[in-house]
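The block underneath contains the structure these notes are about, expressed in C-alpha cells.
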Amino acid sequence: MLTCMLVAVGPRPVVGQELNCSVNLDISQLSGSDFDYLQDLERRIREYLNQRQWTEHRYRPEERIDCTFQIFVERTVGIQEFTAQLVVAARRPIYDTAQTTPTFRVKDQWTFEFSRGSSLLFEPNTFDPLTSVLDFYAYVILGYDYDTFSPLGGTPYFQEARRIADLAATANASGWESLGNDQTRTALITEILRPRMQRLREATYRYHLEGLDRFVASTEKARATILAQLEVLDALTQDVSRSYALDIFFGTKYEEFAAVFRDSRLGSEAYTILTTIDPSHSSTYNALVN
C-alpha cells in the first residue's frame with residue numbers, strides 16, 4: 001500500500017520562515033578533540049537555514065518545508081578546512097492525509113572552511129564555500145517544492161540557485177565544475193533550467209497535484225495519472241541519453257513508485273516503464289510483478 005512508504009507528518013516548531021530544517025553534523029571520523037568546536041556549526045547552520053526569509057511569501061508554521069541536512073565530516077584539508085559528505089532531502093505534505101512525499105534528495109561532496117566562533121553571514125553577492133552551498137540548496141529545495149504546486153512554479157528559486165553557481169564559477173570552487181563532471185551542483189541547476197527538462201518539471205507537477213494529492217479520494221484515477229507521467233518521462237529519456245536531474249528524480253521517488261503501483265492492475269505496465277527508464281532500481285520494481 002502507498003501508506004507503507006510515506007512518512008507521517010510530525011509537529012513543527014513555531015520558528016523560522018519557509019524552511020523547517022533539521023541539521024545533523026557527524027564528526028566521528030575525525031580523531032582527537034581538536035575539532036569539537038564543529039558541533040557549534042550544527043546549531044549555526046540550523047539557525048541560518050530556518051531563521052532566514054528566502055522568498056517574498058508568508059508561510060504559516062504548518063506550511064514550512066520540512067527538510068534535512070546531514071553532514072558527515074570525513075577529513076581535514078587544512079587547519080580550518082574540511083571535506084564532508086552532505087545529504088540534503090526535502091518533503092511535502094500529501095493533501096487530505098497525514099503523510100508526506102519526498103520531493104528532493106541528493107548526496108554531495110563538500111569542502112568548506114569554518115573556524116572556532118565564526119558566524120554564518122548571508123552575503124548573496126559573495127561566494128563562500130560554506131554559506132553559498134547552504135544558499136544553493138535552500139533555493140533548490142524551494143524550487144522543487146514550488147514545482148509540485150504549479151507548473152514550473154519553482155523557476156525563480158532555481159534561477160537564484162543558478163546565480164549562486166555562477167558566483168562559484170568565478171571562484172573556480174570545488175563541487176561547482178561545469179566541465180568534466182556531469183554530477184556537480186552547476187550541472188544540476190543548469191540541466192533543471194534547460195527547456196528540454198520542462199517535461200520533467202511539468203510531469204513532477206502533475207504527479208504530485210493530480211496524482212498523489214488525489215490518491216485517497218480517487219485511487220485508480222490517480223494511478224492512471226501517475227502512469228501517464230511515467231510515459232512522458234519514458235519519452236524524455238529517449239531524447240536525453242544521460243541526465244543528472246532524472247537520476248535525482250528517480251533516486252528520490254523509486255520507492256514511492258513501487259508503493260503506488262503495488263497490488264494494482266496497472267502494476268505490470270508500470271513495471272515495464274519503470275525498469276526501462278530507471279533500471280538501477282529494478283530490484284525494487286520487481287515487487288510489482290512478483
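The values are calculated or read from the model by the stated rules, or taken from the named source; none is laboratory data. Here the structure is a predicted model, which is why all the values come from computation and not from measurement. Using ideal geometry, Cβ is built from the backbone for each residue, glycine included, and neighbour counts are taken over all protein chains shown.
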Identify, by number, the condition in (1) of a type in the set (Asp, Glu); (2) over 19 Å from ASN50 (Cα atoms); (3) surrounded by fewer than 23 Cβ atoms within 10 Å (Cβ to Cβ) that GLU160 doesn't meet.
(2)
Does at least one position in the range 136-143 carry a residue that is without any contact (Cβ under 8 Å) to a residue 24 or more places away in the chain and either in contact with a strand residue (DSSP E or B) (Cβ under 6 Å, 6 or more places away or on another chain) or hydroxyl-bearing (Ser, Thr, Tyr) (or both)?
no
Residues of the range 270-284 satisfying the condition of being under 22 Å from the mean Cα position of the chain (by Cα), touching a residue at least 12 places away in the same chain (Cβ under 8 Å) and part of a helix (DSSP H, G or I):
LEU274, ILE277, SER280, HIS281, THR284
Can you name the condition, by its number, that LEU121 falls short on among (1) over 20 Å from the mean Cα position of the chain (by Cα); (2) surrounded by 16 or more Cβ atoms within 10 Å (Cβ to Cβ); (3) more than 18 Å from ASN24 (Cα to Cα)?
(2)
Answer from LEU236, LEU230 - the residue that is of a type outside the set (Ser, Thr, Tyr), out of contact with any Lys or Arg (no Cβ under 8 Å at 6 or more places or on another chain) and not in a loop (DSSP other than H, G, I, E, B)
LEU230
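Condition first: surrounded by 20 or more Cβ atoms within 10 Å (Cβ to Cβ) and of a type outside the set (A, V, I, L, M). Now tell me which residues in the range 202-212 satisfy that. Don't jump to the end; show me each part of the working.
Keep residues of the range 202-212 that are surrounded by 20 or more Cβ atoms within 10 Å (Cβ to Cβ), which gives 203-205, 207-208, 211-212.
Across the range 202-212, the qualifying residues are THR204, TYR205, TYR207, HIS208, GLY211.
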Under the condition of being polar (S, T, N, Q) and under 23 Å from the mean Cα position of the chain (by Cα), which residue from the range 226-242 is surrounded by the most Cβ atoms within 10 Å (Cβ to Cβ)?
GLN229
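Quick grid of which residues meet (1) in contact with a helix residue (DSSP H, G or I) (Cβ under 7 Å, 6 or more places away or on another chain); (2) in the same structural domain as ALA84 (by TED's automatic domain parsing); (3) under 30 Å from THR204 (Cα atoms):
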site: THR126; (1), (2), (3): no, yes, no
site: TYR139; (1), (2), (3): yes, yes, yes
site: ASP145; (1), (2), (3): no, yes, yes
site: PRO151; (1), (2), (3): yes, yes, yes
site: THR155; (1), (2), (3): no, yes, yes
site: PHE158; (1), (2), (3): yes, yes, yes
site: LEU167; (1), (2), (3): yes, yes, yes
site: GLN183; (1), (2), (3): yes, yes, yes
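Of the residues THR103, THR111, which single one is in contact (Cβ under 8 Å) with a residue 24 or more places away in the chain, within 13 Å of ALA89 (Cα to Cα), surrounded by 14 or more Cβ atoms within 10 Å (Cβ to Cβ) and assigned by TED's automatic domain parsing to the domain that holds ALA168? Write out each step before concluding.
Details: THR111 fails: within 13 Å of ALA89 (Cα to Cα).
That would be THR103, the only listed residue that is in contact (Cβ under 8 Å) with a residue 24 or more places away in the chain, within 13 Å of ALA89 (Cα to Cα), surrounded by 14 or more Cβ atoms within 10 Å (Cβ to Cβ) and assigned by TED's automatic domain parsing to the domain that holds ALA168.
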Just one of the numbered conditions (1) crowded, with 21+ Cβ neighbours inside 10 Å; (2) part of a helix (DSSP H, G or I) is not true of ARG199; which one?
(1)
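Conditions tested, residue by residue: (1) at pLDDT below 95; (2) closer than 18 Å to VAL87 by Cβ; (3) touching a Gly at 6+ places or on another chain (Cβ under 7 Å); (4) of a type in the set (S, T, N, Q).
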residue: TYR146; (1), (2), (3), (4): no, no, yes, no
residue: PHE149; (1), (2), (3), (4): no, no, no, no
residue: GLY153; (1), (2), (3), (4): no, no, no, no
residue: TYR157; (1), (2), (3), (4): no, no, yes, no
residue: ALA171; (1), (2), (3), (4): yes, no, no, no
